[in-house]
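For reference, the structure discussed in these notes is given below.
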Amino acid sequence: MFDQLRLALQRRLERLTGQSTTHPTPASDPAYANDLRTKGNDLLAEGKLNEAETCFREALGHKADDTRTLVCLGYVLKEQGRLVEARITLKRATHPANTDPEVFEALYLLGEISEMQTDLADAMQYFAAALDVKPDFTRACEDIVRILRAQGRESEVKGFLENQVRACPDNSEFRLMLAKACSEALDFPGTVDHLIAAVALGVNEVSINMMLGAALCRLEREEEARPYFELAEAADPSLAHEIQYHRGYYYSRSANTGAAIDCLEKCIQLRPDYLPAHSLLLFNLSHRAKAVNRSYKEAAQRFAQIVESTHPPLPTVLAEPVDVAAKTLRVGFVAGEFREHPVFFFLVGILEHIDKTRFHLVAYSNNQADDASTEVCKTLFHEWHDTRHMSNAEVTELVRTERIDVLFDLCGHTGDARLPVFAQRPAMVQVTWLGYFASTGMTTMDYILADPACVPEDSGEWFSEKVIYLPDTRLCMTIPRTSRPIPVMQAPCIRKGYVTFGSFQQSFKINAQVLLVWAAVLKSVPQSRLRLQNKAIDIAPVADQIRKDMEQAGIDLSRVDLLGATGWEDYLEAHGEIDIVLDTFPYPGGTTTAFSLWMGVPTVTLAGSTMLSLQGASMLKCVGLTDWIAQDETDYIAVSKRFSNNAHGLDALRQKLRSISENSALFDCKRFAKNLENAICLMYQEKLTATMASQAKHHTSAL
């Protein structure tokens, strides 16, 4: 009995390892073994796995532990689903004494087997081991990146690929993978550097030229982008619309709204259903000097017709009567700004005070890249969905499946918007708020949240949505959270003897007309200086263009300080060098205005006639600084001059402005959260009543 058992085990071992333990080993014949392996590979190419297995096993009998043959046999066994046998066979090839460079293939196959067995950690170790043996093994690198992303370890991808590029700087595939990772992480300098390196290594693809041109436009280096765009369009003329879009983006960031609009209109003419161009066009129209006018409304309606026809609404879910006061409403938020972004600073304090027993909060995050602020956001929702890699249809289905009652759009027509989702109406109530300052134009967007200061009651005709007025303000800033105390300093004009005007606005808001008015302000206040600080100034061509534009506007550059990016707390402390903030127009500050007020620095703002251009006025009204709101450009200059002539008055206001701000509606997140809760219930009740009435009418007519 034991002899039979021993014989059975020996035969099983033969099958597992490809070795015979009961028969004499045939004389070694390496040449014949190689011929057998070649024959086995030919059979494998024909899909004859069983016959190939026989050849590989016989070859091992003539050339034991041959790495290539073991790899071939292991591959066949894997393809046959005999994973345990495949693993044992491949392990024979990976013993420490084996210096055959072909062992990387055995390691790679072991990684594939581990992944098939859902052991991702083991798979990663084998893929990494394969890269150790063969550092330029592109497929193993791709698989590690894929697994990292599947495990939600997106933040590790870029660092891993940087290590691979350091190990193999001449591997163009690694360069391209790293360029893509840099782009996804919004690291456009890295994107450009690695794409240029790939091109230098001989890569000449249309998509690479397009990606390089687009990244250069993001860095406001449009002249450098042109040759790559020309190469791409010459190879594929159908890309002309996309090139116009990227050039439109560049002009948008360069404060040349007119040129941006021209490029984007050309894009839409070439490709009418290219939605990103419509949204960027509307964004530009929204902050023109005479924006939210008939041209904006017409462009918004054109967008709506296209998006709603290409993304038709889902069938309406039957509405049933409910007690809204007793119902826990499921409220969804769709955004790509659950990260360090102005939307985050306005949102986080509000969400902290929402009654989580009455409102079930669900996030649909379209973040291009997560950060520490994302982790904070995740704690404020009952449910969190990372939707960045999901299609619009998939997000729509997810929202519908989760039976969201009220769905908020926080992006409008900005970069990470998901307006096609709203076109399909996955929720009964759909609202736009916070991240955009004009109408979406969509008939499927039910409401827009505003306040009386930024949307006067006679402005309703410019909105496709119904305007819901919050009592105090549509914006509420979270009080800054710092790791160290950031005190309000004495007004610098007291210690310096002259007034320093300042701005932290993004460069694209500083247009030619703004510079002309700032030049007049400086001339009206002798000895005054201007301190301009933003991250774009770190880009040499941008800084040079700003200096050129300032000189053209008549600003004496010897009275100007240009500074680049700084850390969060250093940015707040930099307000200690500014007496008065000069707002931009018609696109005023939002986050920068709120932070300046908290740091005790008042802002001179120009009241416009649109939701966006009235934003600064709305914020200053919240803190009682109505006399800092100018009605026109002449008044802007006069207000700036008047307050700069009273240094002690500036310092006195500065010392109490933080307390005033923190106790105002602009920073009272608890009060705002309550107002938002009331608005949510009001919108839900109103839409529920209207939906039920419509369904009843339809039912009656059907009878």
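The values are calculated or read from the model by the stated rules, or taken from the named source; none is laboratory data. Because the structure is predicted, anything quoted here is derived from the model rather than measured. Note: ideal-geometry Cβ built from the backbone for every residue, glycine included; neighbour counts use all protein chains shown. Heads up: the accessible areas ignore ligands, DNA and RNA and are worked out on the full protein's heavy atoms, side chains in. Shrake-Rupley method; radii C 1.70, N 1.55, O 1.52, S 1.80 Å.
Go through (1) part of a loop (DSSP other than H, G, I, E, B); (2) within 29 Å of Asp273 (Cβ to Cβ); (3) open to solvent by 30 Å² or more (accessible area, probe 1.4 Å) one by one and return the number of the condition Asp472 breaks.
Result: Asp472 passes all but (2).
Residue by residue through segment 630-687, note down the ones that are surrounded by 15 or more Cβ atoms within 10 Å (Cβ to Cβ), basic (Lys, Arg) and under 24 Å from Phe345 (Cβ atoms).
Of everything in segment 630-687, those that are surrounded by 15 or more Cβ atoms within 10 Å (Cβ to Cβ), basic (Lys, Arg) and under 24 Å from Phe345 (Cβ atoms) turn out to be Arg654, Arg658, Arg671, Lys674.
Considering each of Ala325, Ala291, Ala335 in turn, give the residue that is crowded, with 23+ Cβ neighbours inside 10 Å, at pLDDT below 95 and of a type outside the set (Asp, Glu).
Matching residue, one of Ala325, Ala291, Ala335: Ala291.
For segment 638-674, how many residues meet the condition of being more than 23 Å from Cys476 (Cβ to Cβ) and not in a helix (DSSP H, G or I)?
Residues flagged as more than 23 Å from Cys476 (Cβ to Cβ) and not in a helix (DSSP H, G or I) within segment 638-674 amount to 2.
Looking at Ala121, is it surrounded by fewer than 19 Cβ atoms within 10 Å (Cβ to Cβ) and either over 22 Å from the mean Cα position of the chain (by Cα) or in a loop (DSSP other than H, G, I, E, B) (or both)?
yes
For segment 70-92, name all the residues that are buried (at least 20 other Cβ atoms within 10 Å of the Cβ) and under 45 Å from the mean Cα position of the chain (by Cα).
Residues satisfying the conditions are Val71, Cys72, Gly74, Tyr75, Val76, Leu77, Lys78, Ala86, Leu90.
If you scan segment 405-427, which residues turn out to be touching a strand residue (DSSP E or B) at 6+ places or on another chain (Cβ under 9 Å) and at pLDDT below 95?
Listed by number, the residues that qualify are Asp416, Ala417.
Ala150 fails exactly one of the following numbered conditions: (1) open to solvent by 70 Å² or more (accessible area, probe 1.4 Å); (2) farther than 30 Å from Ala372 by Cβ; (3) among the hydrophobic types (A, V, I, L, M, F, W, C). What is the number of that condition?
Every condition holds for Ala150 apart from (2).
Would you pick out the residues in segment 405-424 that are closer than 19 Å to Ser279 by Cα and either over 22 Å from the mean Cα position of the chain (by Cα) or of a type in the set (D, E, K, R) (or both)?
Asp409, Asp416, Arg418, Gln424
Going residue by residue through segment 679-697, is there one that turns out to be in contact with a helix residue (DSSP H, G or I) (Cβ under 8 Å, 6 or more places away or on another chain) and not aromatic (Phe, Trp, Tyr)?
Checked segment 679-697: no residue is in contact with a helix residue (DSSP H, G or I) (Cβ under 8 Å, 6 or more places away or on another chain) and not aromatic (Phe, Trp, Tyr).
Under 8 Å between Cβ atoms, at least 6 apart or on separate chains: pull out the pairs that start in segment 601-619 with a residue that is more than 9 Å from Cys454 (Cβ to Cβ) and end on any residue that is among the basic types (Lys, Arg) and in a loop (DSSP other than H, G, I, E, B).
From segment 601-619, the pairs are Ser609/Lys290.
When you look at Leu614, is it open to solvent by 10 Å² or more (accessible area, probe 1.4 Å) and farther than 28 Å from Lys496 by Cβ, yes or no?
Here the answer is yes, as Leu614 does meet what is asked.
Out of segment 262-276, which residues are assigned to a helix (DSSP H, G or I) and open to solvent by 20 Å² or more (accessible area, probe 1.4 Å)?
The answer is Asp262, Glu265, Lys266, Gln269, Leu270, Leu275, Pro276.
If you check Phe346 against the conditions, is it closer than 20 Å to Asn675 by Cβ, hydrophobic (A, V, I, L, M, F, W, C) and touching a residue at least 60 places away in the same chain (Cβ under 8 Å)?
Considered against the rule, which asks whether it is closer than 20 Å to Asn675 by Cβ, hydrophobic (A, V, I, L, M, F, W, C) and touching a residue at least 60 places away in the same chain (Cβ under 8 Å), Phe346 comes out as yes.
Go through segment 152-181 and give me each residue that's under 14 Å from Ala140 (Cα atoms) and charged (D, E, K, R).
Hit for segment 152-181 is Glu173, nothing else.
Under 7 Å between Cβ atoms, which residue pairs at least 6 apart in sequence (or on different chains) link something in segment 620-636 that is within 17 Å of Leu475 (Cα to Cα) with a partner that is open to solvent by 30 Å² or more (accessible area, probe 1.4 Å) and hydroxyl-bearing (Ser, Thr, Tyr)?
The qualifying pairs are Leu620/Thr626.
Against the definition (out of contact with any Phe, Trp or Tyr (no Cβ under 9 Å at 6 or more places or on another chain), surrounded by fewer than 17 Cβ atoms within 10 Å (Cβ to Cβ) and within 24 Å of Pro492 (Cβ to Cβ)), how does Lys548 come out, yes or no?
When the stated conditions are applied, Lys548 does not pass them.
Condition check ((1) free of Cβ contacts under 8 Å to residues at least 24 places away in the same chain; (2) open to solvent by less than 60 Å² (accessible area, probe 1.4 Å); (3) part of a helix (DSSP H, G or I)) across all residues:
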| position | (1), (2), (3) |
| --- | --- |
| Leu186 | no, no, no |
| Asp193 | yes, no, yes |
| Ile196 | yes, no, yes |
| Val203 | no, yes, no |
| Asn209 | no, yes, yes |
| Cys217 | no, yes, yes |
| Phe229 | yes, yes, yes |
| Glu233 | yes, no, yes |
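I'd like to verify a number: residues in segment 578-598 that are closer than 21 Å to Leu522 by Cβ, part of a helix (DSSP H, G or I) and not small (Gly, Ala, Ser), how many?
Of the residues in segment 578-598, 2 are closer than 21 Å to Leu522 by Cβ, part of a helix (DSSP H, G or I) and not small (Gly, Ala, Ser).
Is there a residue being of a type in the set (Phe, Trp, Tyr), under 20 Å from Thr482 (Cβ atoms) and not in a loop (DSSP other than H, G, I, E, B) anywhere in segment 562-577?
yes
When you scan segment 439-466, how many residues do you find that are open to solvent by less than 30 Å² (accessible area, probe 1.4 Å), out of contact with any Phe, Trp or Tyr (no Cβ under 7 Å at 6 or more places or on another chain) and not in a helix (DSSP H, G or I)?
Residues flagged as open to solvent by less than 30 Å² (accessible area, probe 1.4 Å), out of contact with any Phe, Trp or Tyr (no Cβ under 7 Å at 6 or more places or on another chain) and not in a helix (DSSP H, G or I) within segment 439-466 amount to 7.
Within segment 512-538, which residues are buried (at least 17 other Cβ atoms within 10 Å of the Cβ), under 36 Å from the mean Cα position of the chain (by Cα) and in contact (Cβ under 8 Å) with a residue 40 or more places away in the chain?
Val514, Leu515, Val517, Trp518, Leu530, Arg531, Gln533, Ala536
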